[in-house]
1. Considering each of Lys150, Lys93 in turn, give the residue that is surrounded by 13 or more Cβ atoms within 10 Å (Cβ to Cβ) and closer than 19 Å to Thr57 by Cα.
2. Determine if the stretch 161-174 includes at least one residue that is modelled with pLDDT under 95, among the basic types (Lys, Arg) and closer than 21 Å to Lys91 by Cα.
3. Looking only at residues in the stretch 169-200 that are over 27 Å from Leu110 (Cα atoms) and surrounded by 15 or more Cβ atoms within 10 Å (Cβ to Cβ), which one is farthest from the chain's Cα centre (by Cα)?
4. Can you tell me which residue among Lys100, Lys119, Lys25 is basic (Lys, Arg), more than 22 Å from the chain's Cα centre (by Cα) and not assigned by TED's automatic domain parsing to the domain that holds Arg139?
5. Which of (1) in contact with a helix residue (DSSP H, G or I) (Cβ under 7 Å, 6 or more places away or on another chain); (2) of a type outside the set (Asp, Glu); (3) over 18 Å from Leu74 (Cβ atoms) is the odd one out, the single condition Ile99 does not satisfy?
6. With the checklist (1) over 27 Å from the mean Cα position of the chain (by Cα); (2) over 25 Å from Tyr56 (Cα atoms) in hand, flag the one item Thr84 doesn't pass.
7. Kindly evaluate Lys33 against the criterion of being of a type in the set (Lys, Arg), out of contact with any Leu (no Cβ under 7 Å at 6 or more places or on another chain) and without any contact (Cβ under 8 Å) to a residue 12 or more places away in the chain.
8. Take Phe5 and tell me if it is of a type in the set (Phe, Trp, Tyr), exposed (fewer than 10 other Cβ atoms within 10 Å of the Cβ) and at pLDDT below 85.
Amino acid sequence: MKITFSDSFWKSLKRLSMHQTWWYKTYEVFRYKIPMFFENLWYFRKELWYFRSWDYTFNLSIFARSLEKSAHTLEFHGNEVEITRMKKVSKMKRVIEIIKNLDESNYITLAENELGELKNVWGWIDDREDTPEEEEHNRRIYDRSTELEKQEFEELWQILKGQNKDEFIEIYKNLSDDEKSNHSHWEKWFDGSGIKNWWD
């Protein structure tokens, strides 16, 4: 068997070689890298303005902002099949939502949505003591808010970690040859989680 290379192969090699020259690298800096730097500076302007080094929520806010752009790109410009691509987008948006809840400490509000509003929160204004029922109700809300925050924090890292692919490997091993040729098994098993999967 004779192996030949098409013209496009040689053109690709020539292009790759050209990308290693000093003059192309200089062109690339001014044409792509400097404009991208200023675009990123503008995109992250709010996060950079408020960033401080003493709290993890500032780190997460930059991460959430970067995920907004990644999710948008994947959703509207992605090349992957829709079923798995949109699962990834959904998980990215969930991570953004959790980070927002952590940053804004929304857990009292979320607990109130479940259990009802806090009672007599401003009771000190008219010097009225909380009733035992009000104290119990408020305690349930505070406990629930702590529980919600813990659950979402654990969910955040579970989403980023992703599924155990060994589980799918075991499922795949037990499929027949006909079933293996049908790729829908991966699409059904994959839930969109795992930051290593968030690329197109």
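The values are calculated or read from the model by the stated rules, or taken from the named source; none is laboratory data. Nothing here was measured: the structure is a model prediction, and the numbers come from that model. All Cβ positions, even for glycine, are placed from backbone atoms using ideal geometry, and neighbour counts span all protein chains on display.
1. Lys93
2. yes
3. Phe190
4. Going through Lys100, Lys119, Lys25 in turn, just one is basic (Lys, Arg), more than 22 Å from the chain's Cα centre (by Cα) and not assigned by TED's automatic domain parsing to the domain that holds Arg139: Lys25.
5. Result: Ile99 passes all but (3).
6. Result: Thr84 passes all but (1).
7. The answer is yes for Lys33.
8. yes
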